[in-house]
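Colleague: Let me begin by handing over the structure; questions about it come next.
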Amino acid sequence: MSEGLLDKVQKRRTFAIISHPDAGKTTITEQMLLFGGVIRNAGTVKARKTGHYATSDWMEIEKQRGISVTSSVMQFEYQGKRINILDTPGHEDFSEDTYRTLMAVDSAVMVIDSAKGIEPQTKKLFKVVKQRGIPIFTFMNKLDRDGRPPLDLIAELEDLLGIEGVAMNWPIGSGQTLQGLYDIANNQVELYHQAGAKQFIPLNEAGTLPASEPMSQNPQFQDTLGEIELIKEAGNTFDLTKIMAGDQTPVFFGSALTNFGVETFLKGFVKLAPAPASHVVNQDERLEADDAEFSGFVFKIQANMNPQHRDRIAFVRIGSGEFKKGLDVTLARTDKPIRLNNATEFMSSERVQVSDAVAGDIVGLYDTGNFQIGDSIYAGKRKITYPALPEFTPELFVRVTAKNVMKQKSFHKGMNQLVQEGAIQLYRNYQTDDYILGAVGQLQFEVFKFRMKNEYNSEIEMTNIGHRVARWIDPSQLDPVMSSSRNLLVKDRYDQPLFLFENQFAERFFQDKYPDVKLTEKL
Ligand code: G4P
């Protein structure tokens with residue numbers, strides 16, 4: 001164990017932001033990058049989102065759609081810490097990439113529009129984060145607009161997500177009447193639209209302001225004092241153990257657009273968020289993040305980031321040790337040795353060669369087809385295998401055929417490789433053997449189609465099957481007569497049978513008809 005390495009690892013804070021589209025994820029990311037000195041102008045991240053990003057070389061499809069297909073990585077220094085933000089597509093056409101990216105972070109930030117509360121996409125992403133048991137920090141955004149009462153927003157966390165909310169600060173007014181924040185964690189009042197020394201007023205021991213402060217007479221402030229009283233008595237108490245386990249979320253209020261409360265949030269986050277922790281590897285061994293040997297796992301593969309070079313990049317989350325250019329590693333799945341000569345680290349605006357990347361950081365490896373999603377790589381003699389990444393049950397399905405029947409070879413090749421890579425799930429019709437693709441977001445199909453054409457020169461035809469409920473069935477209970485258009489019988493890539501039900505109603509109907517048949521949500 002090297003001391004220098006431990007220090008470096010302790011400085012890392014690697015997280016993703018989860019939110020429903022339009023809650024303000026891009027805006028808050030941009031503010032953080034401004035604080036980190038990575039960008040100088042607001043609008044840089046936004047421009048990428050809308051496809052007007054000058055130095056961008058993202059996939060054509062991303063430009064056309066104006067959304068972030070890639071879960072890119074943004075890195076900056078703040079208060080002596082190295083922050084890695086892993087971007088997750090905010091668009092509702094999100095994909096399995098989004099879920100897998102959440103496997104590569106040590107904490108998550110949940111941005112909520114305070115006028116809308118918890119929206120469907122947030123709920124879905126939250127579920128994945130919650131299962132990992134990592135800390136979740138909440139930012140209630142858009143305080144400059146009239147929103148829902150803060151007490152309701154906190155209650156909703158518990159009611160809809162089942163996580164306790166603990167207020168770190170509290171709004172004083174909202175929308176037109178927004179005056180500032182009552183900062184419980186730092187014992188001060190933060191004034192809205194007041195720069196410089198006057199921005200913060202310390203609270204006295206009683207938690208109020210001296211009568212000489214004009215704010216103390218403000219009706220909004222008086223209301224806030226009443227609410228603070230209430231949450232101190234009846235609200236959740238700050239509990240670091242619960243926070244670390246993801247059972248309680250620290251809640252910060254603010255307005256990303258007007259850059260209010262964002263720095264307070266960032267400071268609070270950096271103080272509380274965990275450094276990279278140890279991982280369970282090889283089934284039951286614990287691997288410390290500052291273990292001297294390098295190891296990591298591939299959580300995403302991105303093809304054609306630069307159309308001129310037709311490269312593929314495997315995104316590796318470093319789990320232990322330090323990455324050095326030219327490092328010799330072994331691919332655990334095949335025991336094949338690989339020299340890592342060509343790697344990139346991701347800054348917000350450009351890709352640069354990796355200088356010092358340690359546990360917690362993400363490196364992008366140029367790949368010529370060695371890697372699959374979920375692969376482990378390690379240096380040294382001791383074999384290190386990270387747990388398999390979870391597979392997410394698809395919700396959308398299409399039937400797929402080659403447009404040109406003469407080009408079956410490239411069609412099958414592309415199909416096999418992309419499925420192996422983890423880009424999409426493949427099923428076969430139980431009776432006809434037709435290809436059926438499954439995804440968690442519509443976007444995955446479009447990316448798939450694009451890549452089939454561009455990388456394998458195979459044009460494909462997709463027929464929509466729509467939303468389906470996938471349920472596996474024990475092969476011994478299977479009778480082909482059970483299949484119909486409403487409960488389509490298919491097999492997965494391990495040849496296991498499952499039904500794609502038209503909807504939950506069809507599933508219930510099926511269960512009523514065959515009460516003894518056991519259906520499972522996952523294989
Ligand atoms: P997303 O990445 O989560 O999808 O959200 P994004 O940051 O793009 O924000 C969505 C919209 O909400 C944007 O407005 C943005 O300006 C606005 N917004 C973000 N934070 C705040 C806030 O604190 N207060 C208010 N009032 N608005 C906020 P837009 O009209 O869709 O885009 P634009 O016209 O600003 O480009």
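Colleague: Restricting to Cα pairs below 8 Å that are 6+ residues apart, what does the relative contact order work out to for the chain? Please round to a whole percent. Each step should come with its number before you reach the end.
Modeller: Numbers: 1094 pairs, mean separation 69.7, N = 523.
Dividing the mean separation by the residue count of the chain yields 13 percent.
Colleague: Cross-link partners among lysines for Lys325, C-alpha distance below 29 Å, same-chain residues fewer than 8 apart left out?
Modeller: Leaving aside lysines fewer than 8 places away in the same chain, those within reach of Lys325 are Lys8, Lys11, Lys81, Lys300, Lys336, Lys381, Lys383.
Colleague: What shape does segment 404-454 take by its C-alpha gyration tensor, where a ≥ b ≥ c are the square roots of the eigenvalues and a/c under 1.5 counts as rounded, a/b above b/c as prolate, and the rest as oblate? Numbers along the way, then the final one.
Modeller: On the way: a/c = 1.72, a/b = 1.08, b/c = 1.59.
Because a/c hits 1.5 or more and a/b fails to exceed b/c, segment 404-454 counts as oblate.
Colleague: Keeping to pairs on different chains or 8 or more places apart, tell me how many lysine pairs in segment 116-220 have Cα atoms under 20 Å apart. Mind dumping the intermediate values first?
Modeller: Numbers: Lys116/Lys124; Lys116/Lys127; Lys116/Lys142; Lys123/Lys142.
Lysine pairs, 8 or more places apart or on different chains, close enough: 4.
Colleague: Then there is this: Determine the shape class of the chain: with a ≥ b ≥ c the square roots of the Cα gyration tensor eigenvalues, call it rounded for a/c under 1.5, and otherwise prolate if a/b is greater than b/c, oblate otherwise. Don't skip to the answer; put the middle values down first.
Modeller: Values: a/c = 1.92, a/b = 1.47, b/c = 1.30.
Prolate.
Colleague: Between the alpha-carbon centers of segment 432-498 and segment 138-162, tell me the distance in whole angstrom.
Modeller: 39
Colleague: In degrees, nearest 10, range 0 to 90: what is the angle between the Cα axis of helix 120-132 and the longest Cα principal axis of the chain?
Modeller: In the chain, helix 120-132 runs at an angle near 80 degrees to the longest axis.
Colleague: Mind checking which aspartates and glutamates have their Cα closer than 13 Å to the Cα of Lys491? Skip sequence neighbours fewer than 8 apart in that chain.
Modeller: Hits, sequence-local ones excluded: Asp433, Asp434, Asp474.
Colleague: Here's a follow-up. Note down the magnitude of the dipole of the chain about its Cα centre, charges +1 on Lys and Arg C-beta and -1 on Asp and Glu C-beta and zero elsewhere, to the nearest 20 debye.
Modeller: Details: 60 positive and 68 negative charges, 352 e Å.
It comes to approximately 1680 debye.
Colleague: I've got another one for you. Rounded to the nearest 500 deg cm²/dmol, what is the calculated helix-only ellipticity per residue at 222 nm for the chain, with -39500 (n - 2.57) per DSSP H run of length n ≥ 4? List each step's numbers first, then the result.
Modeller: Numbers: 13 runs with 130 residues, N = 523.
That comes out to -7500 deg cm²/dmol.
Colleague: Something else now. Amide H neighbours of Tyr192 under 5 Å, counting only residues 5+ apart in sequence or on other chains, H built in-plane at 1.01 Å?
Modeller: Gly180, Leu181
Every read-out reported here was derived from the displayed coordinates using simple, explicitly stated rules and does not represent laboratory data. Please read all numbers here as calculations on a predicted model, not as lab measurements. Using ideal geometry, Cβ is built from the backbone for each residue, glycine included, and neighbour counts are taken over all protein chains shown.
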